[in-house]
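Taking it in order: structure first as structure tokens, then the write-up.
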Amino acid sequence: MERYKLFDPLLKVVQPLTYVDKEGQPIDSIYLQTPDGDVDLCDYLGQHPEIALLLAANHISFPDPGFLLRLHSHLIDPHGQRNLFVPVSHWYYNLRNNPLYYGMIELGKYVYGYHEQPIVQSYMVNEAVSEITGKEYPPSVAKSLLRQLITEVREWKETEYKTALVLPEGTRSKNRTMQKAEEGVRSFIKHWSPIVVLPCGITYVNDNGSRGPNLFQHPQCIVGDPFLIEDGRGYQVDDLMFKIAALLPEDMRGYYGS
């Protein structure tokens, strides 16, 4: 699916995103280090359909998932052959609760063709409530949606050419610094391995503090080094988070600053 090309001219105006490496230099390819040398990630994944891909980044504002989608479409899967899996917020993915977020998810599904799976972020869980009240969820509902996520991830295990896009912190940072990751991302690494993981860092040249749409703010997606996990059963999410933090300025690393 290449519908994203129809929207590129508009996106380049409202959010002129640039992809850069760790040194801040623009990139047009991503390379994976293998025993046989560095290979183009796009070519590698095309030759190994059984190997999954996970893109992960820090989370500052609403458009962040879209930046990973644009990176995936431009530098990894330009012909739209891969199957995309994107966790979304159960509360925000509701037209009544948040029309902007709901509209962005629906538009993204049309443009990029991904499968969305609703989840509950941990900060919304309140043991004192017995039903969903505003942004507060009883633990039973949160656990049920987490089980659904894990079930979906397992069912996708045999799917070829699969990619997951995740923001492991689960919610936007209030002060642009990184927060402790939630554990849901581990399901993808555990059940989909062997899997290539691509850490990314997101910054905004003009305004790193806004949690809103951040239009016209010249975001940057700092692309780290992809790495292959052969067996993800014992992988620790914090190892990935430290790799993301290393891509960001020191004052943005927050929980992962040491």
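Coordinate-derived values only; no laboratory data. The shown structure was predicted, so the numbers you read here are calculated from the model rather than taken from an experiment.
So here's what we get for this one:
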{"read-out": "Net length gained if the chain between Lys22 and Thr151 were fully extended (0.36 nm per residue, minus Cα distance)", "value": "42.9 nm"}
{"read-out": "Spatial separation of Cα centroids for region 46-118 and region 225-258, in angstrom", "value": "20"}
{"read-out": "Long-range HN-HN contacts of Ser173 with modeled amide H, under 5 Å", "value": "His59, Ile60"}
{"read-out": "³J(HN,Hα) computed for each position of region 123-133 - Karplus, 6.51 cos²θ - 1.76 cosθ + 1.60, integer Hz, glycine/proline x", "value": "5, 8, 7, 9, 5, 7, 9, 10, 8, 5, 10"}
{"read-out": "Descending Cα extents along the principal axes, region 106-146, whole Å", "value": "40, 18, 15"}
{"read-out": "Cα gyration tensor shape for region 126-258, rounded if a/c is under 1.5, else prolate or oblate", "value": "oblate"}
{"read-out": "Percent of C-alpha pairs per 5 Å bin, the chain, short to long", "value": "1, 6, 13, 18, 21, 19, 13, 7, 2, 1, 0, 0"}
